[in-house]
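As structure tokens, the structure follows; a few thoughts come after it.
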Amino acid sequence: MAELLIKNALVLTFDENALTGGMIADGAVAIEGNRIADIGDSAELAAKYPGVKTIDAAGRIVMPGFIVTHTHMPYVLGHNMPVDFSQLHSFWDMLQKMGWEWLEDITTQEGVYAATRYAATKLLKSGTTTVCEFVEGPNALPGILGATAKAIEETGIRAQVGFEVTERIPGAHILEKTSVAYADRGFEENIRFFEQYPSGNGGRITGRLGLHTAFTNSRETMKKAREIADRYHVGIQTHIAEIPRVFVVEKHGMSAPQILEETGVLGPDVVAAHCIDLTDEDVAILARNRVNVAHTPMTNSFGGNGVARIPYMVEQGMNITLGHDCFFTLDISEYLRYAFLLHKAHNANAGLFPIFQVLDWALGNAARALGMDGEIGSLKVGKKADIIILNPDSPSPIAPCSALSYFDMTFQGRHVETVIVDGEIVIQDGHSTKVNEDEVKKACQEEAKILWRKTGVQI
Ligand SMILES: [Zn+2]
């Protein structure tokens, strides 16, 4: 018997892809436990489930929650940090100073907990219900994933989580010195987490091994990553070709896709963020291994890394999804719109990409990349009840004929009114039902202050 009915809504099921996905003009969705029990016409479902708790969603859009396939939630501690850009002369400076010295290497478990609670709440409030979280912070081991999981559990978001395995030594230059012992500490952190949240546990939190990059790891560590991922039946998340290809070729004598294929890392259970500096042959390797791409266009623009060849990868049949590093606001609408516009401008082709395709990157494609397409990514009877209700702010009517255009033109995260994850209402009237948002923000600001002071900022 259904326990919650959402009715009178424009229901977008996205049940195949965003173009052919069903739209029900006066639709309803019934939820039982943590699953979708029924979808159909409002009047029919209201008659079928009398007396059930009901949300009247008249004038609203009801759709599946968005899925972001690459996040680093603790990065919110670096939001608005007064960075001295005069110290950054190259990509290496960006990575070494901004990414590592000023953020990851001074991250603490208290900081991770506070930042993750803040980020997860913000993500939920703007419509993201699932993230693939790649935790970094070599000086906050062991236990950093425990701090992450605690925050995720408290906020109500769904997540796959892993810690970065890297041979990088904090404080040393990556091109001069690395250590396998550091990678082993990363493996241990991941393994502890996989044992605590075993694969197929049916809960909101599961594991996904984090392999930092090919250029920060040896062949042996890459092989070990695949062995451990297989042993615990988890996928792998990694960064591929974010940096110029030549650096990986100098280190390993081959490109990142080549060495990752040779060491057995690649496969359909791999989510690869960035994927920028790739040759046709590199793309062919990723495509034949059915690797999933977490396209992160906004961070790549910020870092001056270039624009990933997404149109070419789509032609090669690759599964494209949307990631965002949590580097900017956590509002999914910004990332959707940026991805929607970037390739048109970059390729001088307004046909790249239609909005339904970009939406798919954060819905069906993303669910498939995480191995969860049987559970999330669309509204379908039997799937997990991860649902958002939007109250569109639009100068024109939002109807089945205009609903998709809404997402490229006027959709904003603040239109999200209600968010349901695993059948539980976690955002109501735009606010968390799980945490005290003021307290969460204050705690995050305090941790940001502590982190900033370590970088020399006087505050
Ligand atoms: Zn990343």
TODO: Among the candidates VAL180, VAL165, single out the residue that is buried (at least 24 other Cβ atoms within 10 Å of the Cβ), assigned by TED's automatic domain parsing to the domain that holds ILE236 and at pLDDT 95 or above.
DONE: VAL165
Open item on the list: Against the condition aliphatic (A, V, I, L, M), within 16 Å of the ligand (Cβ to nearest atom) and assigned by TED's automatic domain parsing to the domain that holds GLU242, how does ALA284 come out, does it pass?
Closed with: no
Task: Failed item in (1) over 20 Å from the mean Cα position of the chain (by Cα); (2) in a strand (DSSP E or B), with VAL419 passing the rest - done: (1)
Open item on the list: I'm told VAL76 meets every condition in (1) in contact with a Gly (Cβ under 8 Å, 6 or more places away or on another chain); (2) assigned by TED's automatic domain parsing to the domain that holds VAL271; (3) of a type in the set (Val, Ile, Thr) except one. Can you identify the failing condition by its number?
Closed with: (1)
TODO: Name the residue, out of GLY40, GLY65, GLY51, that is under 20 Å from ILE425 (Cα atoms) and either over 27 Å from the mean Cα position of the chain (by Cα) or of a type in the set (Phe, Trp, Tyr) (or both).
DONE: GLY51
- [ ] Name, by its number, the condition in (1) crowded, with 23+ Cβ neighbours inside 10 Å; (2) closer than 26 Å to ALA119 by Cβ that does not hold for MET98.
- [x] (1)
- [ ] Provide a single number: the residues in the range 233-257 that are surrounded by 20 or more Cβ atoms within 10 Å (Cβ to Cβ) and in a loop (DSSP other than H, G, I, E, B).
- [x] 6
Open item on the list: Residues that are within 16 Å of the ligand (Cβ to nearest atom) and closer than 24 Å to THR121 by Cβ: list the helices (runs of 4 or more DSSP H) wholly contained in the range 295-375 that include at least 3 such residues.
Closed with: 297-302
- [ ] Of all residues in the range 95-121, count the ones that are more than 24 Å from VAL435 (Cβ to Cβ), among the aliphatic types (A, V, I, L, M) and in contact (Cβ under 8 Å) with a residue 40 or more places away in the chain.
- [x] 2
- [ ] Taking the options SER405, SER333, SER396, name whichever one is free of Cβ contacts under 8 Å to residues at least 24 places away in the same chain and under 28 Å from ASP56 (Cα atoms).
- [x] SER396
TODO: Determine which single condition PRO142 fails, assuming it passes every other condition in (1) under 18 Å from PRO170 (Cα atoms); (2) in a helix (DSSP H, G or I).
DONE: (2)
Task: Failed criterion for GLU153 (all others in (1) away from the ligand (no atom under 16 Å from the Cβ); (2) farther than 19 Å from PHE194 by Cβ hold) - done: (2)
- [ ] Could you grab me the full set of residues in the range 233-249 that are of a type in the set (D, E, K, R) and within 16 Å of the ligand (Cβ to nearest atom)?
- [x] GLU242
Task: Criterion (touching a residue at least 60 places away in the same chain (Cβ under 8 Å) and away from the ligand (no atom under 16 Å from the Cβ)) met by exactly one of PHE91, PHE85, PHE66 - done: PHE66
TODO: Answer yes or no as to whether ASP277 is within 16 Å of the ligand (Cβ to nearest atom) and surrounded by fewer than 24 Cβ atoms within 10 Å (Cβ to Cβ).
DONE: yes
- [ ] Being part of a strand (DSSP E or B) and more than 15 Å from the ligand (Cβ to nearest atom) is the filter here, so list the residues in the range 160-181 that pass it.
- [x] THR178
- [ ] Specify which of the listed residues (ARG288, ARG219, ARG208, ARG231) is without any contact (Cβ under 8 Å) to a residue 40 or more places away in the chain and more than 24 Å from GLY306 (Cβ to Cβ).
- [x] ARG231
Open item on the list: Restricting to the range 82-91, count the residues that are outside any loop (DSSP other than H, G, I, E, B) and surrounded by 15 or more Cβ atoms within 10 Å (Cβ to Cβ).
Closed with: 1
Task: Matching residues, the range 118-136, being within 16 Å of the ligand (Cβ to nearest atom) and assigned to a helix (DSSP H, G or I) - done: ALA119, LEU123
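The values are calculated or read from the model by the stated rules, or taken from the named source; none is laboratory data. In this text, all values refer to a predicted model and were calculated from it rather than measured experimentally. We place every Cβ from the backbone using ideal geometry, glycine too, and count neighbours over all the protein chains shown.
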